[in-house]
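The values are calculated or read from the model by the stated rules, or taken from the named source; none is laboratory data. Please read these numbers as outputs of a predicted model, since none were measured by experiment. Cβ placement follows ideal geometry from the backbone for every residue including glycine, while neighbour counts extend to all protein chains displayed. Only protein heavy atoms, including side chains, enter the accessible area calculation; ligands, DNA and RNA are left aside. Shrake-Rupley method; radii C 1.70, N 1.55, O 1.52, S 1.80 Å.
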Amino acid sequence: MGHINTNADCSACHSSVAWSPATFDHSNISSGCSGCHDGVTATGRDNNHIPTSNKCELCHSSIAWQPAPVDHAAVLGSCSSCHNGVIALGKDADHITTNGECDVCHSTVGWTPANFDHSGITNGCASCHNGSTATGKNSGHFITNQDCSACHTSNQWSPDIFSHTSPNYPGDHRAALRCTDCHTSNAENIPWPFPANQPDCAACHENDYRADHHKKTNAANYTVFELKDCSGACHIEKPRSGEHSVRDSEF
């Protein structure tokens, strides 16, 4: 390495005890670093340095060379050219899997929280919202294997928008039911109170059945099992379809 161009006496940097390393006093140096720190006269940028044509003093100081507080105010895009895990910090192991540039979600003003644009996302939420990459279901969440999009939207997370499509669903009742009125275990599978009658009305309402109100034509009473589908064909000997409805105020 070449000697620094200077008119100062040798003793300003060296000592007779140890010629090197030389202790140069940078206290009065505020600019022009690269005049010496060019990799020849004095140590320059290493191979992992951020690609830049800026002067050293824009990030470093002669008092403390590290850490270097990079001014991101004028940085637009191409974050990963530095934030690649080598030159500067990159994505950690739990980062969302993406090829998007950092500034799609982050800004140089505030790195967190990350403002991800969900406007084009309609399904596959759980691939990120798994509790590791991004916030997932909380401990009291309804137990289901359905994707988030079955109940939620990216525009409005609550209230949920789930609509029953199963043929086993009896329909919306006259009195508004909470999900847990049927899903008593807070899970997708229903623990029917009277499983022998599932999925018909009597699977929940067997105790509400009044045999003396349901006479056969021969004066005998129907059993609850015979009439378990209250809203379907009720009377076996004298068929009548749709005798009751879940919305019937007298049912």
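Accessible area of the chain with a 1.4 Å probe: how many percent of it is carbon plus sulfur? The computed percentage sits at 53.
For region 133-178, chymotrypsin sites (Phe, Trp or Tyr not before Pro) are listed when DSSP marks them as loop and at most 12 other Cβ atoms sit within 10 Å of their Cβ; the list is W157.
For region 180-235, the solvent-accessible area of protein heavy atoms averages 59 Å² per residue (probe radius 1.4 Å; ligands and nucleic acids excluded). A DSSP coil position with no more than 15 other Cβ atoms inside 10 Å describes the following trypsin sites (Lys or Arg not before Pro) in region 174-224: R174, R178, R210, K216. Each residue, D117 and T23, gets one label point 7 Å from its Cα in the Cβ direction; the gap between the two is 5.6 nm.
If you take all other residues with their beta carbon under 13 Å from the beta carbon of G100, and give Lys and Arg +1 and Asp and Glu -1, the sum is -2.
Looking at region 162-230, the pairs of alpha carbons with a distance over 16 Å make up 55% of the total. Look at the alpha carbon pairs under 8 Å that are at least 6 residues apart: their mean separation over the length of the chain gives a relative contact order of 9 percent.
Count Lys and Arg as plus one, Asp and Glu as minus one, and take only other residues whose Cβ is under 14 Å from that of F162; the net charge is then -3. Packing, as the average of other Cβ atoms within 10 Å across residues, places the peptides 128-137, 45-54, 24-33 in the order 128-137, 24-33, 45-54, highest first. Taken over the chain, the convex hull of the Cα atoms encloses 192 Å³ per residue.
Shown for the chain: lysine pairs separated by 8 or more places, or found on different chains, whose C-alpha atoms are under 20 Å apart, numbering 5. Looking at region 32-179, the accessible area is 76 square angstrom per residue; that uses a 1.4 Å probe and ignores ligands, DNA and RNA.
Projecting the Cα positions of A150, A8, W192 onto the charge dipole of the chain (unit charges on Cβ atoms of Lys, Arg, Asp and Glu, taken about the Cα centre) puts W192 furthest along the positive direction.
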